[in-house]
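> The structure follows.
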Amino acid sequence: LVSVDYEVYGKVQGVFFRKYTQGEAKKLGLVGWVQNTSHGTVKGQIQGPTARVRELQEWLRKIGSPQSRISRAEFSNEKKIEALQHKEFQILK
């Protein structure tokens, strides 16, 4: 299991980015969270099996929600974890 923090830049607010991210994460069986930031980005944390986390990272980097325009995605604080620290994938306000 792995935990990764992320921040996505571009046109990612007001385009249902958080809702789509949550849907994609649930589809992949991942847990964590996503929220808008005050400076127009979306950030959060992903936890789960490494291969699945990589799939969501790729989705955050290249796909996103239909109306979004992603300029870049940054990933940080990657670490191996013994157990999931979240119960589900939540949208935080």
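> Select from region 40-65 the residues that are in contact (Cβ under 8 Å) with a residue 40 or more places away in the chain and farther than 20 Å from V2 by Cα and list them in ascending order.
Answer for region 40-65, where residues must be in contact (Cβ under 8 Å) with a residue 40 or more places away in the chain and farther than 20 Å from V2 by Cα: G64, S65.
> So, of the residues in region 25-82 that are open to solvent by less than 60 Å² (accessible area, probe 1.4 Å) and part of a helix (DSSP H, G or I), which turns out to be nearest to G10 (Cα to Cα)?
L60
> Right, Q47: in contact with a Gly (Cβ under 6 Å, 6 or more places away or on another chain), modelled with pLDDT of 95 or more and not aromatic (F, W, Y) or not? Spell out the reasoning first.
Working: in contact with a Gly (Cβ under 6 Å, 6 or more places away or on another chain): yes; modelled with pLDDT of 95 or more: yes; not aromatic (F, W, Y): yes.
Considered against the rule, which asks whether it is in contact with a Gly (Cβ under 6 Å, 6 or more places away or on another chain), modelled with pLDDT of 95 or more and not aromatic (F, W, Y), Q47 comes out as yes.
> For region 2-9, state whether one or more residues are modelled with pLDDT of 95 or more, open to solvent by 50 Å² or more (accessible area, probe 1.4 Å) and out of contact with any Phe, Trp or Tyr (no Cβ under 6 Å at 6 or more places or on another chain). Break it down stepwise before answering.
Residues of region 2-9 that are modelled with pLDDT of 95 or more, as a first pass: 2-9.
Subsequent filtering for residues that are open to solvent by 50 Å² or more (accessible area, probe 1.4 Å) retains none.
Checked region 2-9: no residue is modelled with pLDDT of 95 or more, open to solvent by 50 Å² or more (accessible area, probe 1.4 Å) and out of contact with any Phe, Trp or Tyr (no Cβ under 6 Å at 6 or more places or on another chain).
The values are calculated or read from the model by the stated rules, or taken from the named source; none is laboratory data. Predicted model only: the values in this text are computed from it and were never measured. Here Cβ is always computed from backbone atoms with ideal geometry, including for glycine, and neighbour counts include all displayed protein chains. These area figures cover heavy atoms from the full protein model, side chains too; ligands, DNA and RNA do not enter into them. Shrake-Rupley method; radii C 1.70, N 1.55, O 1.52, S 1.80 Å.
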